[in-house]
Amino acid sequence: MSKAHILKAIQHNKPEPRPLPDIPGFESSSMDIVQAFGSTSAQNGTRVVNAADFADLESALRTLFPDKGKIASTLPDLTSEVNLQNSAPDALVDVDIAVIGGQVGVAENGAVWVTEADCVHRVLPFIAQHLVLVLPEDRIVRNMHEAYAQIKIDDTGFGVFIAGPSKTADIEQSLVIGAQGARSLTIILT
Amino acid sequence: MKIALFIPCYIDQFYPQVGIATLELLESLGCTVHFPEGQTCCGQPMANTGCEQDAIPTYEHYVETFSGYDYVVTPSGSCAYHVRKHYDIIEQTDAVQHLRKRTLDLSEFLLDVLKVEQLNARFPAKVGLHQSCHGLRGLRLGPGSERNLNAPSALHTLLSMVEGVEIAELERADECCGFGGTFAINEPDISAKMGKDRIADHARAGVEVITAGDMSCLMHLEGILRRQGSPIQVKHIAEILNTKA
Amino acid sequence: MKEHATKAAAFIKDEARTDWHDESLWFVRSKRDKAAHDIPEWEQLRELASQIKDHTLSHLDEYLEAFEAKAKENGVTVHWAADAAEHNRIVHSILQEHNARRIVKSKSMLTEECGLNEYLEEQDIEVIDTDLGERIIQLKEEPPSHIVMPAIHLKKEEVGELFHQKLQTKKGATDPQYLTEAARQHLRQSFLQADAAITGVNFAIAETGGVVVCTNEGNADMGTHLAPLQIHCMGIEKILPKAEHLGVFTRLLARSATGQPSTIFTSHHHKAKEGGAMHIVIVDNGRTTQLGRPDFRNSLKCIRCGACMNTCPIYRRSGGHSYDSTVPGPIGSILTPGIDLKKYSGLPFASTLCGSCSDVCPVKIDIHEQLYKWRQIIAEEGHLPAAKKQSMIMAGKVLSRPGWYKAAGKSARWVTRWLPRPLIYNSLNTWGKARELPKAPKESFQEWYRKNRSAS
């Protein structure tokens, strides 16, 4: 009922057709995209490290999180202390560190594309106290235009660009890290 | 080149020295300037209050008064903007279309038509430049702090031709002063507070004289300065450009 | 009509607090400038965004239908609501179907506009707002004062006292870190217990049938991914044609809103989680009417970044509540008259027409020009106070007649020169409340000209 009514009102009221513009590439020539990714990530409050500086993923986590805690990993080369397949989403509330693979990193804003397929549970990157994303360096692109060209947003039921730890400035514009989602974000570049 | 001078109503009545400075400056640059008799106002006070229909006779009077000139020059970005932007509700005769292109703010006329590159002026003072909104964002006399464009504003360019002028760095380069025509009367508290805040910015920068391309902003700021007993002066940019070295 | 002026005058009485409010928002505006100026193609992006929205609005019916078809293919249930009442009824019926009684909601100006919280609470359904700012004002029982920073008008001491009463934080605690942590613990419980999550929508993609929700806190994701039922409520104008257009809009949104290069979480929802359900409610509530107004239709391009509020010198000094509308500030002042012209006839006058709003707008809405146009309509339809209208008719007569003008000018100058101060500076002269009148010169420019130039 309302659908027909709304569509009719739009047909009656909409303006003459206007063209859809093409989106140019905006290629800036000399940008070192890995370096730019590192510095924008740092501004967002993200810690970026190189996998090459550690023997393996496990020792990286031991170094980066000395107090460690309960790890949930979706990566084959890191043992998960939580059986993700057999856990209900709300059981993940006591996960300390979630380790997840990222698909594409964006130099201009430090965002990393993560999908449902990478998380097992959609809530995992949000509910864990700390989030670690493992991202191949050669998957970093310049800007959001390139990022959207690389991904298919409806490949899975859910996908998200994550650009830092959860934060808020809702009390007097004071920046507080660790609002409702993960308290920290670490990106390990491989 | 036939040039007419348009002196807006409030400048005519309260700041004749600004009209005189504009006229003398143009004459000193070799222009023959006509001042058409019977001119009044661009009609903005009514239109900005929502009564543009009541402003139509004033628009028509303006068109009648200023038809037949190559340029109409006025020391007010706001009035020039009004003519160019809002005279779209009257019949678009050739005369109206011409005036909607050729009514220029003084700074535009100096830089874009006369192509002035130097002035024989001297004004040794620390000057705070108030970027009047209609000139800045209406006529685009400068890039404005909001937009990602790199260009000096027209008023900066002109002021930097005056010997002795030191242009102050302000914390807020182009925030509105709060005049806003009838806004000053409708919302007197906010209007005055905005003016006070602009003045405080200029005062912190050690400004001795606040200048602008619109006397209406300066009338508002001067009203507050005088109530405060402040030593800061206001001068229309024409008055500074017309000083003699 | 004078309502904004009255509320603004009350707000500004506490000058120190006004300065604090102004500075807080100016700080955000400055961060926005820096972020925008770091992108060389910023102005080009604004133009692209504007054109994409123009195009989309001119094909809105087609894109909405394509969006619905694709969403249905994805297993999502799509609903259409003509107005706020229908929107609220639809949301309620979905909740009833799923037997949902505890709801977590992330920020949505649309549900605010529709009064959803109040409606659901009347039906005995618990609604917890989960954005920190929204939660603060919900606990304080106040409307938001800003669309991005809902509690920007409150001081940390006030939040501390509120949390002490409602969340049992320590008396006198004001540290934002501590208060945020308390809210985190409190909200985690709500997320875990929720039967349903409701979110607003930043963008909806016609090509894929999905919705995009942007937050910094991660609250929308905590809600939607934990609760079995997720409901996304969107205005008809949220549509974009394709995923590639998100590239333009995600680059503009956070930079304009807070000066961040991106929101922390940009979440793309296409299908329900395993075992869950996903619904989308598409709402008109006056938007099609606005689409039919050529002078005002492009207000529908708004992406709710709030940049026009942060830059508005009047908003910064009068606070969001002085506008008395869900969306305050410059954009609110052009949206609300389209909904109730009489009630909001004062808002288009709460502006100096300085134009800063239009220049920060990431989708290039000509906000200040629309304010000017609303003023014309308000006057035409008789909503100006009679005295003001009369004075404008009089001014129109004087200023179109040189003889009258000359006489009026002379007497105005005479008045300010010769009348004693108490006769000029009294309660009727609002100019004189905080300002001196200009010193009247002996002669006008015209008089000077006749003496000094006419003869030559």
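We did not get these values from a lab; they are worked out from the coordinates using the rules stated. Note that this is a predicted model, so its numbers are computed, not measured. All Cβ positions, glycine included, derive from the backbone under ideal geometry; neighbour counts span all protein chains shown.
How many angstrom separate the Cα center of segment A:166-190 from the Cα center of segment A:95-125? So the separation of the two Cα centres works out to 15 Å. Could you state the angle between the C-alpha long axis of helix C:244-257 and the longest principal axis of the C-alpha atoms of chain C, as a value from 0 to 90 degrees rounded to the nearest 10? Long axis of C:244-257 versus the principal axis of chain C: about 60 degrees. Approximating the spin labels as points 7 Å out from Cα along Cα→Cβ, the residue C:453-to-residue C:99 distance works out to 8.8 nm. Once the Cα atoms are used to define both axes, helix C:386-399 deviates from the longest principal axis of chain C by about 50 degrees. Within the protein assembly as shown, DSSP assigns beta bridges of which about 25% are antiparallel (rounded to the nearest 5). DSSP beta bridges confined to segment A:32-189 are antiparallel in about 30 percent of cases. Peptide C:222-232 shows a mean partner chain C-beta count of 4 within 10 Å per residue C-beta. Packing-based ranking of C:430-441, C:414-425 yields C:430-441, C:414-425, ordered from highest to lowest mean Cβ neighbour count within 10 Å.
Kindly provide the helix-only [θ] at 222 nm of chain C, computed as the sum of -39,500 (n - 2.57) over DSSP H runs of four or more divided by all residues, to the nearest 500 deg cm²/dmol? My calculation for chain C gives -15500 deg cm²/dmol from helical runs alone.
Largest mean-square fluctuation among A:152, A:68, A:14, in a Gaussian network model of chain A whose springs join Cα atoms under 10 Å apart, belongs to A:14.
Sum -39500 (n - 2.57) across every DSSP H segment of at least 4 residues in chain A, then divide by the residue count to get the 222 nm mean residue ellipticity, nearest 500. About -6500 deg cm²/dmol. A Stokes-Einstein calculation at 25 °C with viscosity 0.890 mPa s, built on the Kirkwood radius of chain C over Cα pairs, returns a diffusion coefficient of 100 µm²/s.
How much net charge surrounds residue C:258 when only the other residues with a Cβ under 9 Å from the Cβ of residue C:258 are counted, with Lys and Arg +1 and Asp and Glu -1?
Values: positive: C:31, C:32, C:255; negative: none.
Net charge around residue C:258: +3.
Treating each Cα of segment A:32-189 as an identical point scatterer and summing with the Debye formula, the log10 of I(q)/I(0) at q = 0.18 Å⁻¹ comes to -1.13. Can you list the aspartates and glutamates whose alpha carbon is less than 20 Å from that of residue C:170, not counting same-chain residues fewer than 8 positions off? Hits, sequence-local ones excluded: A:170, A:172, C:157, C:158, C:161, C:181.
Listed cross-link partners B:235/C:13; C:34/C:301; B:2/C:406; C:406/C:439; B:126/C:31 are compared with a 20 Å cut-off, the Cα-Cα value being larger for B:235/C:13; C:34/C:301; B:2/C:406; B:126/C:31. Taken as Cα centroids, segment A:15-58 and segment B:97-150 sit 40 Å apart, rounded to the nearest whole angstrom. The angle between the Cα long axis of helix A:33-43 and the main principal axis of chain A comes to about 80°, on a 0 to 90 degree scale. Structure note, pairs A:14/B:101; A:167/C:107; B:196/C:364: Cα-Cα distances above 24 angstrom occur for A:14/B:101; B:196/C:364. Under a Gaussian network description of chain B, with springs only between Cα atoms under 10 Å, the residue in B:99, B:26, B:114 that fluctuates furthest is B:114.
Mean residue ellipticity at 222 nm from the helices of chain B, using -39,500 (n - 2.57) per DSSP H segment of n ≥ 4 over the full residue count, to the nearest 500 deg cm²/dmol?
Values: 11 runs with 104 residues, N = 245.
After summing the helix terms and dividing by the residues of chain B, the value is -12000 deg cm²/dmol.
Between B:107, B:78, B:67, the Gaussian network model of chain B with springs among Cα atoms under 10 angstrom shows the greatest mean-square fluctuation at B:67. In terms of surrounding Cβ atoms within a 10 Å radius of their Cβ, B:105, B:174 rank from fewest to most as B:174, B:105. Its relative contact order, with pairs defined as Cα atoms under 8 Å and 6+ residues apart, puts segment A:32-189 at 28 percent. In the protein assembly as shown, a dipole from Cβ-located charges (positive for Lys and Arg, negative for Asp and Glu) runs towards its positive end, and of C:391, A:168, A:75 it is C:391 whose Cα lies farthest in that direction. Order of B:209, B:18, C:76 from fewest to most other C-beta atoms within 10 Å? Listing B:209, B:18, C:76 from fewest to most nearby Cβ atoms yields B:209, C:76, B:18.
Seen from every direction in turn and averaged, the convex hull around the alpha carbons of the protein assembly as shown projects onto 38.4 nm².
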